[in-house]
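Notes for the one structure printed next.
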Amino acid sequence: MGKVGIVSYGAFIPIHRIKVDDIAKTWGRDGETIKKSLGVYEKSVPSLDEDTATISVEAARHALARAGINPKEIGAIYVGSESHPYAVKPTGTIVGEAIGATPSLMVADYEFACKAGTAAIQSCMALIETGMIKYGLAIGADTAQAAPGDALEYTAAAGGAAFIIGKDGVIAEINGTYSFTTDTPDFWRREGRKYPAHGGRFTGSPAYFRHIINATKCLMEKMGTKPEDYDYAVFHQPNGKFPRAVAKMLGFKEDQIKHGLLCPFIGNTYSGSSLLGLAAVLDVAKPGERILLTSYGSGAGSDSFDITVTDAIESFPKEKAPTVSQLINRKNYIDYAIYAKYRDILYWE
Amino acid sequence: MGGEAVSRFWREIPQRYNLIGTKCKVCNRIYFPQREVCPFCRRKSIGKMEEVKLSGRGKIVTYTIIHVPPKKFEGQAPYAVAVVELEEGVRVTSQIVDCNLDKIKIGMEVEATFRRIQDDGWTGAIYYGYKFRPVEKHEDKK
């Protein structure tokens, strides 16, 4: 038993996609301009029968299929999302029951805009380090809401990733983590409201960039590392441009971020965003490679992680569940009318 | 306020989430939904029925496309409902999802997925359970 780390992981992305062009056409905007300004071409859309609970269950089952552990050994489940199907009643209990981990386990739902999933990983790490549990299941998943016609509509997507955290059979060790948190109202959704509101350009410099840069720099200082020490870097992806810009500001190269940059093809999966990026990196990573992961959640905060892939990844049965690229390529295009029906923009009873 | 079906759905969670059936330890027949007594072994099976988790993999025996759905499923039409024979030999009726309706066919391999089934309106409980989708191969092409 060595360091705490990732024992297994699984991802899920709903099959439906809508092109940014179709959304732009609906609102009389120019698709080319929007694709260029956001760096996003299409986004994933959940079916009427999919929500954060179903996505979480699928991702968790994929993680378990690869892990080969008894689900009863999972001592805690934390599901991070800003689109939990219930305002009161946990998503985590549904997941726990669906993977056969109940009843001897801790469960709580987390919410911190797009970074609740990485907060879930940190909680699991602490519980494992203190010996309270053997394995913890941390999930980040969302079916992100966006008001019709709002700028967010081009990117708000659905998907999630699940990580089994533990000390036994670790495929990637978590060397350290650091969080940077302030009270910054850049994006929010009030109680009882269906769609979030945001501060437009205010979501940039004082919010996304400040928190990611500080969390990442402080983590590297703590670990004594430099950008070139990492083979991969994954940053939260609200669009295709911000992660590229923040990577450049921090001194990371395109080669380091390209494997985990999924937003151009699936949109912003909110709590799933940086974690799906990490899953995509683990799909291709080799023993000894080092990964930097920094999430961002509006409101605002960033969790940064320093991760090293172990030799165990070579015998890790990835083929027992779909890889992120397989999930991205498994797609069915829908138009705005079907999108409106699926996202409950049309009203019918 | 709503909740008429909550207790019934709650009782069925093991079946709906994880396809938990029962096996008669006398004749080894598997039942889904669960049975208290084996209809073949009758009193001999009392106390000898054990829970068994079904694989969730099977083949479409027959199917139909629903164009005029019940109220709770209006937004999903047209959709397929199939009789699926699982590897263990039991047959279940289920919606088929994530499948182009032109591609669906008898004999197609399917696997269980976890979806919303219905809810008790906007204020009521949400009920989850199995639906089936075409089997995906996960061989790494890299």
request  = Report yes if some residue within segment A:217-226 is touching a residue at least 40 places away in the same chain (Cβ under 8 Å) and of a type in the set (Lys, Arg); otherwise report no.
outcome  = yes
remark   = Output for Cβ contacts, cut-off 8 Å, separation at least six or different chains, first residue touching a residue at least 12 places away in the same chain (Cβ under 8 Å) and assigned by TED's automatic domain parsing to the domain that holds A:Leu293 in segment A:240-255, second among the polar types (S, T, N, Q) and open to solvent by 50 Å² or more (accessible area, probe 1.4 Å), reads A:Lys241/A:Ser37
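Evaluate the following for A:Lys248: is it away from chain B (no Cβ under 14 Å), open to solvent by 10 Å² or more (accessible area, probe 1.4 Å) and part of a helix (DSSP H, G or I)?
Values: away from chain B (no Cβ under 14 Å): yes; open to solvent by 10 Å² or more (accessible area, probe 1.4 Å): yes; part of a helix (DSSP H, G or I): yes.
Yes.
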task = Name every residue in segment A:156-177 that is open to solvent by 10 Å² or more (accessible area, probe 1.4 Å) and over 18 Å from A:Ser304 (Cα atoms), in order of residue number.
result = A:Lys167, A:Asp168, A:Gly169, A:Val170
request  = Would you be able to tell me the number of residues in segment A:75-122 that are open to solvent by 30 Å² or more (accessible area, probe 1.4 Å) and either away from chain B (no Cβ under 14 Å) or not β-branched (Val, Ile, Thr) (or both)?
outcome  = 18
message = Of the conditions (1) closer than 20 Å to A:Gly10 by Cβ; (2) touching a helix residue (DSSP H, G or I) at 6+ places or on another chain (Cβ under 9 Å); (3) in a helix (DSSP H, G or I); (4) more than 14 Å from chain B (Cβ to nearest Cβ), A:Ala280 satisfies every one except a single condition; which number is it?
response = (4)
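So is B:Glu85 part of a strand (DSSP E or B), touching a helix residue (DSSP H, G or I) at 6+ places or on another chain (Cβ under 9 Å), open to solvent by 30 Å² or more (accessible area, probe 1.4 Å) and modelled with pLDDT of 95 or more or not?
Numbers: part of a strand (DSSP E or B): yes; touching a helix residue (DSSP H, G or I) at 6+ places or on another chain (Cβ under 9 Å): no; open to solvent by 30 Å² or more (accessible area, probe 1.4 Å): yes; modelled with pLDDT of 95 or more: yes.
Taking the combined requirement at face value, the residue does not satisfy it.
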ask   = Looking at segment A:211-229, which of its residues are within 16 Å of A:Val281 (Cβ to Cβ) and surrounded by fewer than 22 Cβ atoms within 10 Å (Cβ to Cβ)?
value = A:Pro227, A:Asp229
remark   = Of (1) open to solvent by less than 10 Å² (accessible area, probe 1.4 Å); (2) not in a strand (DSSP E or B), A:Ile139 fails just (2)
ask   = Would segment B:34-53 turn up any residue that is in contact (Cβ under 8 Å) with a residue 40 or more places away in the chain, under 24 Å from B:Arg116 (Cα atoms) and assigned to a strand (DSSP E or B)?
value = no
remark   = Of the residues in segment A:123-134 that are open to solvent by less than 40 Å² (accessible area, probe 1.4 Å) and in a helix (DSSP H, G or I), the one that is nearest to the other protein chains (Cβ to nearest Cβ) is A:Cys124
inquiry  = Being within 12 Å of chain A (Cβ to nearest Cβ) and open to solvent by 30 Å² or more (accessible area, probe 1.4 Å): is that true of B:Gln76 here?
reply    = yes
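Looking at segment B:26-58 only, could you name the residues that are in contact with a strand residue (DSSP E or B) (Cβ under 6 Å, 6 or more places away or on another chain) and within 14 Å of chain A (Cβ to nearest Cβ)? Write out each step before concluding.
Residues of segment B:26-58 that are in contact with a strand residue (DSSP E or B) (Cβ under 6 Å, 6 or more places away or on another chain), as a first pass: B:30-32, B:34-35, B:38, B:41, B:45, B:49-54, B:56-58.
Of everything in segment B:26-58, those that are in contact with a strand residue (DSSP E or B) (Cβ under 6 Å, 6 or more places away or on another chain) and within 14 Å of chain A (Cβ to nearest Cβ) turn out to be B:Glu51, B:Val52, B:Lys53, B:Leu54, B:Gly56, B:Arg57.
Any residue that is free of Cβ contacts under 8 Å to residues at least 60 places away in the same chain, touching a Pro at 6+ places or on another chain (Cβ under 7 Å) and not in a helix (DSSP H, G or I) - is there at least one of those in segment A:261-276? Spell out the reasoning first.
Taking segment A:261-276 first, the residues free of Cβ contacts under 8 Å to residues at least 60 places away in the same chain are A:261.
This time we only want the ones that are touching a Pro at 6+ places or on another chain (Cβ under 7 Å), so: A:261.
With the extra rule that they be not in a helix (DSSP H, G or I), the set shrinks to A:261.
Yes, the conditions are met somewhere in segment A:261-276.
Do we find that A:Thr203 is open to solvent by less than 40 Å² (accessible area, probe 1.4 Å), polar (S, T, N, Q), within 19 Å of A:Asp303 (Cα to Cα) and in contact (Cβ under 8 Å) with a residue 40 or more places away in the chain in this structure? Talk me through it step by step, then tell me what you get.
Values: open to solvent by less than 40 Å² (accessible area, probe 1.4 Å): yes; polar (S, T, N, Q): yes; within 19 Å of A:Asp303 (Cα to Cα): yes; in contact (Cβ under 8 Å) with a residue 40 or more places away in the chain: yes.
Against the criterion (open to solvent by less than 40 Å² (accessible area, probe 1.4 Å), polar (S, T, N, Q), within 19 Å of A:Asp303 (Cα to Cα) and in contact (Cβ under 8 Å) with a residue 40 or more places away in the chain), A:Thr203 qualifies.
Please go through segment B:90-102 and pick out each residue that is more than 11 Å from chain A (Cβ to nearest Cβ) and free of Cβ contacts under 8 Å to residues at least 60 places away in the same chain.
Quick first cut of segment B:90-102, residues more than 11 Å from chain A (Cβ to nearest Cβ) only: B:90-94, B:96, B:101-102.
If the condition is that a residue be more than 11 Å from chain A (Cβ to nearest Cβ) and free of Cβ contacts under 8 Å to residues at least 60 places away in the same chain, then B:Arg91, B:Thr93, B:Ser94, B:Ile96, B:Leu101, B:Asp102 are the ones that fit.
Of everything in segment A:19-55 that's free of Cβ contacts under 8 Å to residues at least 12 places away in the same chain and within 14 Å of another protein chain (Cβ to nearest Cβ), which residue is farthest from the chain's Cα centre (by Cα)?
Taking segment A:19-55 and keeping what is free of Cβ contacts under 8 Å to residues at least 12 places away in the same chain, we get A:28-30, A:32-33, A:36, A:49, A:54.
Now restrict to residues that are within 14 Å of another protein chain (Cβ to nearest Cβ): A:49, A:54.
Numbers: A:Asp49: 21, A:Thr54: 15 Å.
Out of the qualifying residues, it is A:Asp49.
Which of the following residues is hydroxyl-bearing (Ser, Thr, Tyr), within 14 Å of another protein chain (Cβ to nearest Cβ), under 21 Å from A:Ala161 (Cα atoms) and open to solvent by less than 30 Å² (accessible area, probe 1.4 Å): A:Thr294, A:Thr323, A:Thr269, A:Thr310?
Numbers: A:Thr294 fails: within 14 Å of another protein chain (Cβ to nearest Cβ); A:Thr269 fails: within 14 Å of another protein chain (Cβ to nearest Cβ); A:Thr310 fails: within 14 Å of another protein chain (Cβ to nearest Cβ).
That would be A:Thr323, the only listed residue that is hydroxyl-bearing (Ser, Thr, Tyr), within 14 Å of another protein chain (Cβ to nearest Cβ), under 21 Å from A:Ala161 (Cα atoms) and open to solvent by less than 30 Å² (accessible area, probe 1.4 Å).
Would you confirm, using the coordinates I've provided, whether B:Gly107 is within 13 Å of another protein chain (Cβ to nearest Cβ), at positive phi and part of a loop (DSSP other than H, G, I, E, B)?
Values: within 13 Å of another protein chain (Cβ to nearest Cβ): no; at positive phi: yes; part of a loop (DSSP other than H, G, I, E, B): yes.
In short, no.
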task = Confirm whether B:Lys71 is open to solvent by 60 Å² or more (accessible area, probe 1.4 Å), out of contact with any strand residue (DSSP E or B) (no Cβ under 6 Å at 6 or more places or on another chain) and within 12 Å of chain A (Cβ to nearest Cβ).
result = yes
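The values are calculated or read from the model by the stated rules, or taken from the named source; none is laboratory data. Small disclaimer: the values here were computed from a predicted structure and weren't measured. Counting neighbours? That spans all protein chains shown, and the Cβs are built from the backbone with ideal geometry, glycine included. Side chains included, ligands, DNA and RNA excluded: accessible areas come from the protein's heavy atoms. Shrake-Rupley method; radii C 1.70, N 1.55, O 1.52, S 1.80 Å.
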